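The values are calculated or read from the model by the stated rules, or taken from the named source; none is laboratory data. The structure displayed is predicted, hence computed values, not measured ones. Cβ coordinates were reconstructed from backbone atoms using ideal geometry, including for glycine residues, and neighbour counts include every protein chain displayed.
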Amino acid sequence: MFGLLQLLLAVFAIYSALEFPEELKLFIPLGCLVAMLVVSRIEKRKSEKKTARKSFLRSEIDKATKKESTAIRDQDFSTIESLLWPKSELLLIDTVHSIFKDLGFNVSTGIHYQSVDRIVKIPKTRIAFGVQILMSQGEVEGNHPKINRALQFEKEKKEDEKSLIIACTHIGLPLSERSQVSHISKELSHFLSRHHMSLITTHHLYDLWQKAKRGEIDILGFFEQVYSHSDESLPSKGNSNSQSPLFSLPA
């Protein structure tokens with residue numbers, strides 16, 4: 001885009017030097033030259049910021065996983081940033097949508113329901129999730145609007161559908177510290193357990209996505225476990241409560 005703008009400025013400078021009156025032939029090309037220099041500086045600054053941001057993301061992921069993340073492709077960085085440090089809920093919803101598609105799930109906007117962000121189906125099965133996607137600066141509380149929407153979906157859902165919450169929590173914390181804190185309040189944990197809802201953080205979804213891409217886990221099998229969970233769950237990291245609705249990585 002910046003290159004095209006510089007080209008247009010150069011063409012306009014040549015045109016003005018050939019076609020404009022004498023008193024403008026000097027000033028307009030000079031103005032175009034100054035504008036080209038400004039655009040060049042902006043492009044360089046933007047490139048430097050992009051490189052610095054990639055370096056920061058790679059450093060955060062390295063510290064969290066305790067190994068080098070050299071296998072991450074350049075095009076994945078914007079997805080990772082939008083998943084773990086989202087700038088808006090809409091951007092987070094679109095990112096979660098693309099990740100589930102990349103993992104091989106069938107994803108739709110849930111046009112038959114007004115109470116879900118996405119409907120995610122496991123291929124070749126009747127299993128489906130009504131997915132709520134939310135952001136929280138700390139742990140998720142029971143008064144979050146998306147929790148009320150999940151409860152509404154519980155009243156509308158079909159027999160083979162289940163409520164699943166994808167939550168980006170503790171956005172301000174370094175990635176390496178997010179596995180050491182509580183992601184949902186005790187009251188919300190009991191509420192989700194009573195209604196047989198499950199919750200996965202975007203931090204864990206990122207790990208699942210990367211492990212599935214490397215062939216280390218059966219991602220469809222993992223979500224079949226999430227679906228079949230009712231009163232018992234895989235214990236979440238740092239949580240010994242076997243009835244927690246918070247799902248973590250499989251051992």
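Taken over the stretch 106-149, the criterion of being surrounded by fewer than 16 Cβ atoms within 10 Å (Cβ to Cβ) and closer than 15 Å to HIS195 by Cβ is satisfied by GLY142, ASN148.
Kindly evaluate GLU224 against the criterion of being modelled with pLDDT of 90 or more, farther than 27 Å from ARG126 by Cβ and out of contact with any strand residue (DSSP E or B) (no Cβ under 9 Å at 6 or more places or on another chain). Answer is no for this residue. With (1) farther than 18 Å from LEU103 by Cβ; (2) assigned to a loop (DSSP other than H, G, I, E, B); (3) over 23 Å from the mean Cα position of the chain (by Cα) as the list, and GLU187 as the residue in question, which single condition is left unmet? Among (1) farther than 18 Å from LEU103 by Cβ; (2) assigned to a loop (DSSP other than H, G, I, E, B); (3) over 23 Å from the mean Cα position of the chain (by Cα), GLU187 violates only (2). Scanning the stretch 89-113 for residues that are in contact (Cβ under 8 Å) with a residue 24 or more places away in the chain and not aromatic (Phe, Trp, Tyr) returns GLU89, LEU92, ILE93, VAL96, ILE99, ASP102, LEU103, GLY104.
The residue that is nearest to PHE222 (Cα to Cα), among those in the stretch 143-181 that are among the small types (Gly, Ala, Ser) and at pLDDT below 90, is SER179.
Residues that are closer than 27 Å to GLY215 by Cβ, of a type outside the set (A, V, I, L, M, F, W, C) and in contact with a Leu (Cβ under 9 Å, 6 or more places away or on another chain) within the stretch 73-120 comprise GLU81, SER82, THR95, GLY104, listed in sequence order.
Residues that are part of a loop (DSSP other than H, G, I, E, B), of a type outside the set (Asp, Glu) and over 11 Å from LEU220 (Cβ atoms) within the stretch 100-132 comprise THR109, GLY110, ILE111, HIS112, TYR113, GLN114, SER115, VAL116, ARG126, listed in sequence order. Total residues in the stretch 190-212 satisfying the condition of being touching a helix residue (DSSP H, G or I) at 6+ places or on another chain (Cβ under 9 Å) and farther than 15 Å from ILE99 by Cα: the figure is 7.
Would you pick out the residues in the stretch 129-146 that are of a type in the set (A, V, I, L, M) and either more than 14 Å from the chain's Cα centre (by Cα) or over 22 Å from LEU175 (Cβ atoms) (or both)? Across the stretch 129-146, the qualifying residues are VAL131, VAL140.
Could you list, in sequence order, all residues of the stretch 1-53 that are acidic (Asp, Glu), more than 31 Å from the chain's Cα centre (by Cα) and at pLDDT 70 or above? Give the steps one after another, and end with the answer.
From the stretch 1-53, those acidic (Asp, Glu) are 19, 22-23, 43, 48; that's our starting set.
Within this subset, residues satisfying the condition of being more than 31 Å from the chain's Cα centre (by Cα) are 19, 22-23.
Passing the criteria: none in range.
Summed over the stretch 150-177, the residues that are basic (Lys, Arg) and either buried (at least 20 other Cβ atoms within 10 Å of the Cβ) or part of a strand (DSSP E or B) (or both) give a count of 1.
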